[in-house]
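The values are calculated or read from the model by the stated rules, or taken from the named source; none is laboratory data. This structure is a prediction, so every number in the text was calculated from the model and none was measured. Heads up, the Cβs are rebuilt from the backbone with ideal geometry, glycines too, and the neighbour counts pull from every protein chain shown.
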Amino acid sequence: MKGDDPVRYLSDAGKLIVGEVVRFPITVVGRKPTFEAGLQAVKAVLADLQRHATDFQIGDVTLDAQSVRCQLEPKSVVLVELSAELVVKWVSASTEFWTRIEGVVRCLDLLQRFCDQMTKSGSDIGFYTARVNNGGEEYVPKK
């Protein structure tokens, strides 16, 4: 996973239980010969990610696009970078702490698998993530 911060999730238990959503920030980068090919590669990765997360049946899973960048690179290669959030909206019945934290860690493991898969394959697709946002509020530990 990209970034200097090794913490992937940090939340007060109460906020996890009462929160309606958890947002997993991701960035997918495709390097291809054309912008269209780069975009299609990025979309395919995101569709695969959403399908796997939906299979967990922990809530409604959506992807919220945040930004896109298209850039020319040397040697006739282009870069398409899409930053998004994988958003899990909890099902109303799942307000129990253990059910929710299990959903969070399943998603974290899924994101790690995607990061590892893209890195190990020497792929022209990059997959990155950062600290998870629990319902729009960043948790600040008590001192």
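So if I check each of Ser76, Ser83, Ser67, which one is exposed (fewer than 11 other Cβ atoms within 10 Å of the Cβ), of a type in the set (Ser, Thr, Tyr) and under 21 Å from Asn133 (Cβ atoms)?
Among Ser76, Ser83, Ser67, only Ser67 is exposed (fewer than 11 other Cβ atoms within 10 Å of the Cβ), of a type in the set (Ser, Thr, Tyr) and under 21 Å from Asn133 (Cβ atoms).
Since Pro141 meets every condition but one in (1) modelled with pLDDT under 90; (2) of a type outside the set (Phe, Trp, Tyr); (3) assigned to a strand (DSSP E or B), which condition does it not meet?
With (1) modelled with pLDDT under 90; (2) of a type outside the set (Phe, Trp, Tyr); (3) assigned to a strand (DSSP E or B) applied to Pro141, the lone miss is (3).
Give segment 16-35 a look and list any residue that's more than 13 Å from the chain's Cα centre (by Cα), surrounded by 13 or more Cβ atoms within 10 Å (Cβ to Cβ) and either among the basic types (Lys, Arg) or farther than 22 Å from Leu79 by Cβ (or both), or say none.
Hits for segment 16-35 are Leu16, Ile17, Gly19, Val21, Arg31, Lys32.
When you go through Phe56, Phe114, Phe97 one by one, which is the residue that is at pLDDT below 95, of a type in the set (Phe, Trp, Tyr) and under 13 Å from the mean Cα position of the chain (by Cα)?
Going through Phe56, Phe114, Phe97 in turn, just one is at pLDDT below 95, of a type in the set (Phe, Trp, Tyr) and under 13 Å from the mean Cα position of the chain (by Cα): Phe114.
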